[in-house]
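Heads up, the thing below is written out as structure tokens.
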Ligand SMILES: Nc1ncnc2c1ncn2[C@@H]1O[C@H](COP(=O)(O)OP(=O)(O)OP(=O)(O)O)[C@@H](O)[C@H]1O
Ligand SMILES: [Mg+2]
């Protein structure tokens with residue numbers, strides 16, 4: 001579903017380029033639940049933004065669901081994200097001038113869900129996250145934890161194929177945090193692919209694989225099973241097309257063939 005090959009990300013500063021991601025290779029299969037861990041500043045959010053199609057300014061190659069993302073125009077990239085990805089931002093990023101209800105309705109309208117059906121789905125979501133009483137409030141009228149709950153609700157409401165979650169429980173009471181993790185486990189059981197960033201070992205334990213970053217480099221990948229993921233990990237210097245075709249023949253062949 002996801003294949004990154006030799007992805008680099010840098011920022012320009014007075015002193016030249018500062019690299020915050022270096023030579024990142026990552027393969028994620030449909031249905032996986034992956035945790036990205038690493039110290040503050042390691043590049044976790046930066047990587048998640050690239051995976052979430054929110055940042056197209058990177059070097060290297062990114063295949064998602066058979067699309068060569070690194071060759072897509074911004075508008076196409078945004079559209080692909082709206083159709084397939086639910087993103088939970090570390091800083092929530094709810095739309096300030098929309099109510100909770102309206103924030104939750106947006107992903108559904110992007111996907112062409114009719115107004116009557118939208119209303120029913122949002123009502124169900126408000127109920128599920130126990131925020132019915134907050135439906136007409138604006139984000140700045142909510143506590144940090146409540147905003148985080150709305151952000152999680154918004155990310156999952158349209159049943160995306162891929163959920164990307166950046167510290168999704170950082171501001172929640174431990175019970176609520178556990179409920180979110182249980183929700184992820186259930187969605188993953190139903191086939192949703194999940195990539196989460198967390199500092200919490202407890203949250204990490206809900207996933208089957210830990211991908212570790214340090215200073216922008218891959219430090220380790222517990223999912224590095226030589227039997228099925230060896231190509232991805234050993235792809236340093238190897239050809240993107242061949243490694244991608246071998247490991248992602250099902251999902252990535254379109255994006256990875258044709259001279260990527
Ligand atoms: N716009 C920017 N300009 C310059 N440097 C940036 C910019 N955005 C991020 N960085 C740098 O990129 C590095 C990685 O940041 P990132 O937010 O990805 O870290 P993180 O692993 O998510 O950390 P945390 O656990 O604290 O959330 C940091 O050193 C940060 O200073
Ligand atoms: Mg971060």
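Just so it is clear, none of the values below were taken in a lab; they were calculated from the coordinates. Bear in mind that the values here come from a model prediction, so they are computed numbers and not experimental data. Because the Cβ atoms are built from the backbone with ideal geometry, glycine has one as well, and the counts that use them run over all protein chains shown.
Observations on the model:
- Zone of residue 95's modelled label, taken as backbone nitrogen in region 103-144 under 16 Å from a point 7 Å along Cα→Cβ: 103-115, 118-119, 122, 136-140
- Kirkwood hydrodynamic radius over Cα pairs of region 62-143, then Stokes diffusion coefficient at 20 °C and 1.002 mPa s, in µm²/s: 148
- Most mobile of 109, 222, 13 in a GNM of the chain (Cα contacts under 10 Å): 13
- Segment residue 161-residue 190, length gained on full extension (0.36 nm per residue, minus Cα span): 9.4 nm
- All C-alpha to C-alpha distances of region 2-256, sorted into 10 Å bins beginning at zero, yield P(r) values of 7, 30, 36, 21, 6, 0 percent in whole numbers.
- Packing, taken as the mean count of other beta carbons within 10 Å per residue, orders the peptides 122-128, 82-88 from highest to lowest as 82-88, 122-128.
- Sequence ranges 67-73, 94-100, 161-167, ranked by mean other-Cβ count within 10 angstrom, highest first: 161-167, 67-73, 94-100
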